[in-house]
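J.: My structure is below; once you've seen it, I'll send some questions.
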Amino acid sequence: MPSALVLLADGTEEMEFTITYDTLVRAGVKTLSAYVPTISFGTRTVSPPVAKGSRGINIMPDSYLEASVCGPDQHDLLVIPGGAIGAATISTNPVVQQLIRDYIKSGKYVGMICAGSLAAKMSDLPRQSLTSHPSVRAELEPEFEYSEEPVVVSGNLVTSRGPGTAFPFALTLVELLCGKEKREEVATPMIFPTGTPW
């Protein structure tokens, strides 16, 4: 069974987190969330705090970010949602930056959506195709081949634009981890309107 880790911080965009997490679960992917704090708290022995999303919705993470249990030896996919404040916290975290490089080097997938794509820049990923929310395009365009496609797959890096592209982003991740048939199996009961391209 594939495994995915979805990062979460205060200010994470709720739709990008929940749609991705939920869609992966529907596909049978073992999915966990890890809270990325704005400061280092050291070793935790208590339950994680509630993360307050970008629209004020509280989300209870499954665990804290710990490099020893969050690496590519534990999971097949690392997901970084957007939300300006949450994406800034996640993308500037040195542990996250190293994890991103480790996942790519190990041939595992990294998904970034919305402002979460800033993590590609902060992790010094090589020049390649990607997309993001328009609000961070100027920061990414000089170092990457910028695209306005809803979802961009560049090797093991998968990027997307924002809340409105969260479903095709999540379904693309399902297809990469579990195959096209599983993607269709998950998407069909979601009842997307006729003509929806994904």
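The numbers here are math on the coordinates, done by the rules we state, and not lab data. Source: prediction; values computed, not measured. With ideal geometry, Cβ positions are generated from the backbone for all residues, glycine too; neighbour counts draw on all protein chains shown.
J.: Per the helix-only calculation at 222 nm, which mean residue ellipticity applies to the chain, given -39500 (n - 2.57) for every DSSP H run of n ≥ 4 and division by its residues, nearest 500 deg cm²/dmol? List each step's numbers first, then the result.
T.: Details: 8 runs with 67 residues, N = 198.
Using -39500 (n - 2.57) per qualifying helix, the result is -9500 deg cm²/dmol.
J.: Would you mind ranking PHE169, PHE144 by Cβ crowding within 10 Å, fewest neighbours first? Before the final figure, lay out the partial values.
T.: Values: PHE169 31, PHE144 24.
Listed from fewest to most nearby Cβ atoms, that is PHE144, PHE169.
J.: Sequence gap at least 6, Cα distance under 8 Å: using those rules, report the relative contact order of the chain to the nearest whole percent.
T.: Values: 418 pairs, mean separation 42.4, N = 198.
Relative contact order for the chain comes out at 21 percent.
J.: Please name whichever of THR159, VAL186, THR196 sits farthest to the positive end of the charge dipole of the chain, dipole taken about the Cα centre and charges placed at Cβ: Lys and Arg +1, Asp and Glu -1.
T.: Value computed over the given set: VAL186.
J.: Under the rule a/c < 1.5 gives rounded, and otherwise a/b versus b/c splits prolate from oblate, where does the stretch 1-134 land using the Cα gyration tensor? Working shown, then result.
T.: On the way: a/c = 1.21, a/b = 1.12, b/c = 1.08.
Cα axes put the stretch 1-134 in the rounded bin.
J.: Here's a follow-up. Work out the length of the dipole vector of the stretch 1-156 about its Cα centre, built from +1 on the beta-carbon of each Lys and Arg and -1 on the beta-carbon of each Asp and Glu, and round it to the nearest 20 debye. Show your work: numbers first, answer last.
T.: Details: 11 positive and 17 negative charges, 60 e Å.
For the stretch 1-156, the charge dipole is close to 280 debye.
J.: Let me ask something else. Which is farthest toward the positive dipole end of the chain among PRO168, GLY28, ILE85, measuring Cα position about the Cα centre, with Cβ charges +1 (Lys, Arg) and -1 (Asp, Glu)?
T.: It is GLY28.
J.: With no solvent and one point on each alpha carbon, what is the Debye value of log10 I(q)/I(0) for the stretch 53-198 at q = 0.11, 0.13 Å⁻¹?
T.: Summing over Cα pairs of the stretch 53-198 leads to -0.41, -0.58.
J.: Here's another thing I want to ask about it. Under a plain spin-label model, where a point goes 7 Å from the Cα along Cα-to-Cβ, how far apart in nm are ASP62 and LYS30?
T.: For the pair ASP62/LYS30, the computed spacing is 0.9 nm.
J.: Once R0 is set to 22 Å, what does the formula 1/(1 + (r/R0)^6) return for the Cβ-Cβ distance between THR38 and SER3, expressed as a FRET efficiency to the nearest 0.05?
T.: It comes out at approximately 0.25.
J.: Which of the residue pairs LYS30/LYS52; LYS121/LYS180; LYS52/LYS121; LYS121/LYS182; LYS108/LYS180; LYS105/LYS180 have a Cα-Cα distance greater than 27 Å in the structure shown?
T.: With Cα atoms farther than 27 Å apart: LYS121/LYS180; LYS121/LYS182.
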